[in-house]
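The values are calculated or read from the model by the stated rules, or taken from the named source; none is laboratory data. These numbers were taken from a predicted model, which means no experiment stands behind them. Every residue, glycine among them, receives a Cβ derived from its backbone with ideal geometry; neighbour counts consider all protein chains shown.
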């Protein structure tokens with residue numbers, strides 16, 4: 001039977017059957033959804049305590065402008081002095097007292113409104129109050145100037161530029177955000193995948209060294225086969241885990257809010273909210289339609305193919321390095337000195353990706369980093385949704401895979417020598433020597 | 001005699017360090033071949049070259065007349081000195097996996113494993129994890145894993161480490177039985193008494209060079225030097241000692257005896273016969289002990305290595 005297949009099967013099964021792997025597979029989505037739900041739940045509790053606010057309006061302009069909301073009740077006080085109103089409000093433990101003094105002209109009013117409260121009031125309450133006052137004062141000012149507020153409302157024009165590429169393809173702000181989200185997600189996914197499963201490969205190599213089985217194995221198979229089998233087997237286990245996470249998260253995300261009655265809108269991340277905002281004020285239905293349209297506009301085939309290529313290439317590139325590190329050291333504590341050269345380009349890729357691509361997806365820095373093989377998988381994946389010429393994509397993939405062959409050669413050399421070295425503290429100098437063995 | 005394994009002029013360098021320098025060995029079919037040498041002499045490197053774990057810089061290796069090639073791995077069983085098993089894997093699964101890596105089909109592997117597990121009386125360990133077994137128990141599994149694919153050539157590097165005397169004996173008997181069944185065995189160890197007991201050929205490697213090899217019995221003959229341990233009860237001990245001293249080179253000997261006798265180690269001239277010595281001794285008193293001193297592998301090892309250094 002084919003050795004490679006046997007090795008992949010064993011690596012996969014031992015990973016998948018491992019208890020901590022199983023626990024993590026099921027626990028992670030539960031924890032994530034749990035934290036989301038908890039945050040949403042706590043936020044809703046936080047808002048649900050109702051606030052009573054007393055209003056002492058001496059100006060007479062605001063007799064009915066303040067409307068009670070779900071969380072806030074307004075009570076109008078009449079025929080009281082400010083001092084009495086303050087003591088009363090404090091005794092009744094009201095949330096606050098809004099004092100609007102009598103003024104001669106409206107511009108003074110804007111500066112003399114005072115809000116009294118126990119502690120400093122919450123931002124949302126103040127915004128609300130200020131909004132109401134502003135709106136009313138605005139109308140009054142206009143009225144005084146002899147302008148009808150309603151006609152002003154009608155005259156207001158909202159500018160929404162129509163975006164289109166030279167080739168006639170429509171673009172939009174929503175599209176840009178979606179592209180960013182897509183690229184960011186792909187890049188981040190790859191980043192996480194490399195770190196989690198690269199480490200797993202490294203540990204598995206170290207385990208074979210510390211359990212001393214390695215020499216038994218490589219008297220039967222070539223080290224390079226063991227190396228490849230390990231990388232592929234672990235990756236398959238990783239893909240399995242990722243799929244399980246996605247499915248479980250999806251299920252939990254739909255089930256949990258239903259059970260606990262949490263409003264799904266409160267669980268939205270800021271990005272999603274931004275997306276909704278960009279979708280315009282045309283209502284959810286319109287937003288969804290636009291969303292679908294934009295999704296159609298993305299170069300989906302291109303994205304999927306390139307995602308797979310860059311994901312596989314980038315992952316294998318780093319995985320082989322992780323395996324080499326595992327072979328070079330005797331225990332996990334010794335890996336520190338070698339981790340930095342791996343993590344540095346990865347972090348760089350993510351940050352360069354986020355900051356330069358967001359700003360200008362085709363800027364010089366973004367372009368250069370999308371060709372350097374150690375950063376290209378992340379950066380190029382972020383750029384592609386914005387439209388990258390095919391020759392650039394292909395060139396980048398070719399460079400990536402050529403480098404991958406180089407790193408596998410390098411890793412295999414280190415691996416072949418390293419797995420049989422015990423007790424020798426590996427230094428960079430030592431590793432260079434191993435390359436010549 | 002037919003040679004199963006021939007290594008010709010093997011050299012291997014690791015950077016500046018020369019691990020093997022022009023080493024040749026020939027392992028006859030059906031023999032137990034002792035590969036001896038001090039720590040760091042290059043034995044393990046040579047063994048790894050035979051197992052195709054390391055490639056030689058120079059030299060060739062032939063297995064059964066053919067130049068060594070990847071599929072020869074199936075004909076070799078190797079028990080390395082640094083050995084172990086996957087700790088969290090079950091015994092049976094693990095043995096099956098390793099057997100399949102050696103080229104057995106799953107059903108063949110199952111049958112072979114059943115035979116060996118029954119033979120060593122370890123059948124009920126099948127579903128245990130290695131980490132639940134003692135070191136000695138794990139070593140037994142390791143032995144089974146090494147021999148289960150019926151290799152022509154078996155290489156054992158310190159096979160008895162980790163075994164108690166009873167199990168060491170059991171494994172020794174199994175190794176000899178494998179030889180009787182036609183396998184050839186290369187045996188690397190520092191336990192000279194087991195070399196004495198089991199090997200019929202040896203090669204001695206020191207500082208990356210082979211300094212001695214051949215049939216054990218021939219080597220011993222070459223190192224024998226007409227020396228005899230003698231026990232004597234003489235009426236006049238002083239006189240007898242004096243007379244012997246005049247005739248032969250004489251050193252005190254230490255051997256166990258229940259008599260209160262004189263103990264000598266006597267070396268006679270190369271052309272002299274032991275009978276002459278015996279007759280002379282008989283004339284001096286009662287001979288209680290007469291034994292030719294045959295050099296032990298231990299003596300040969302120490303002497304040769306020291307001379308070489």
Inset, instruction - Could you check how many residues of region B:221-245 are over 32 Å from the mean Cα position of the chain (by Cα) and farther than 15 Å from residue B:259 by Cα? - result: 9
Inset, instruction - Would you tally the residues in region A:104-121 being in contact (Cβ under 8 Å) with a residue 24 or more places away in the chain and either within 24 Å of residue A:90 (Cα to Cα) or not in a helix (DSSP H, G or I) (or both)? - result: 3
Legend entry - Number of the condition not met by residue A:35 [criteria: (1) more than 14 Å from every other protein chain (Cβ to nearest Cβ); (2) over 26 Å from residue A:123 (Cα atoms); (3) within 25 Å of the chain's Cα centre (by Cα)]: (2)
Inset, instruction - Would you be able to say whether some residue in region B:120-141 is in contact with a strand residue (DSSP E or B) (Cβ under 7 Å, 6 or more places away or on another chain) and crowded, with 18+ Cβ neighbours inside 10 Å? - result: no
Inset, instruction - Tell me which residues, restricted to region B:6-30, are in contact (Cβ under 8 Å) with a residue 60 or more places away in the chain, touching a helix residue (DSSP H, G or I) at 6+ places or on another chain (Cβ under 7 Å) and part of a strand (DSSP E or B). - result: B:19, B:20, B:23
Inset, instruction - Take region A:388-437 and flag every residue that is closer than 28 Å to residue A:367 by Cβ, touching a helix residue (DSSP H, G or I) at 6+ places or on another chain (Cβ under 9 Å) and outside any helix (DSSP H, G or I). - result: A:388
Legend entry - Residue match in region B:37-52 (condition: in contact (Cβ under 8 Å) with a residue 40 or more places away in the chain, assigned to a loop (DSSP other than H, G, I, E, B), within 13 Å of chain A (Cβ to nearest Cβ) and out of contact with any helix residue (DSSP H, G or I) (no Cβ under 7 Å at 6 or more places or on another chain)): yes
Legend entry - Options A:354, A:399; residue that is away from chain B (no Cβ under 14 Å) and modelled with pLDDT of 85 or more: A:399
Legend entry - Scan of region A:1-22 for residues that are more than 9 Å from every other protein chain (Cβ to nearest Cβ), more than 16 Å from residue A:200 (Cα to Cα) and surrounded by fewer than 16 Cβ atoms within 10 Å (Cβ to Cβ), ordered by number: A:2, A:5
Legend entry - Residue in region B:136-152 that is in contact with a helix residue (DSSP H, G or I) (Cβ under 6 Å, 6 or more places away or on another chain), closer than 27 Å to residue B:46 by Cβ, facing another protein chain (nearest Cβ under 9 Å) and outside any helix (DSSP H, G or I) present: no
Legend entry - Residue in region A:240-260 that is modelled with pLDDT of 85 or more and within 14 Å of another protein chain (Cβ to nearest Cβ) present: no
Legend entry - Condition check for residue A:160: part of a loop (DSSP other than H, G, I, E, B) and modelled with pLDDT under 80: yes
Legend entry - Output for region B:126-135, where each listed residue is outside any loop (DSSP other than H, G, I, E, B) and without any contact (Cβ under 8 Å) to a residue 40 or more places away in the chain: B:132, B:135
Legend entry - Number of positions in region B:159-188 that are exposed (fewer than 14 other Cβ atoms within 10 Å of the Cβ) and assigned to a helix (DSSP H, G or I): 6
Inset, instruction - Restricting attention to region B:12-27, report how many residues are surrounded by 16 or more Cβ atoms within 10 Å (Cβ to Cβ) and away from every other protein chain (no Cβ under 14 Å). - result: 5
Inset, instruction - Quick one: count up the residues across region A:73-93 that are under 44 Å from the mean Cα position of the chain (by Cα), over 17 Å from residue A:136 (Cα atoms) and crowded, with 19+ Cβ neighbours inside 10 Å. - result: 0
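Residues checked against (1) within 14 Å of another protein chain (Cβ to nearest Cβ); (2) modelled with pLDDT under 90:
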residue	(1), (2)
B:68	yes, no
B:73	yes, yes
B:103	yes, yes
B:106	yes, no
B:115	no, no
B:121	no, yes
Legend entry - Any strands (runs of 3 or more DSSP E) falling wholly within region A:1-103 and containing at least 3 residues that are more than 24 Å from residue A:119 (Cβ to Cβ) and modelled with pLDDT under 80: none
Inset, instruction - May I ask you to list the residues in region B:85-101 that are without any contact (Cβ under 8 Å) to a residue 40 or more places away in the chain and either facing another protein chain (nearest Cβ under 7 Å) or closer than 20 Å to residue B:182 by Cα (or both)? - result: B:97, B:100, B:101
Inset, instruction - Determine, yes or no, whether residue A:150 is in a helix (DSSP H, G or I), surrounded by 12 or more Cβ atoms within 10 Å (Cβ to Cβ) and either in contact with a strand residue (DSSP E or B) (Cβ under 9 Å, 6 or more places away or on another chain) or away from chain B (no Cβ under 14 Å) (or both). - result: no
Inset, instruction - Evaluate region B:187-202: report whether one residue or more is at pLDDT 90 or above, over 30 Å from residue B:95 (Cβ atoms) and in contact with a helix residue (DSSP H, G or I) (Cβ under 6 Å, 6 or more places away or on another chain). - result: yes
Inset, instruction - Tell me which of these residue A:17 doesn't satisfy, since it passes every other one: (1) farther than 30 Å from residue B:86 by Cβ; (2) without any contact (Cβ under 8 Å) to a residue 24 or more places away in the chain; (3) within 43 Å of the chain's Cα centre (by Cα). - result: (1)
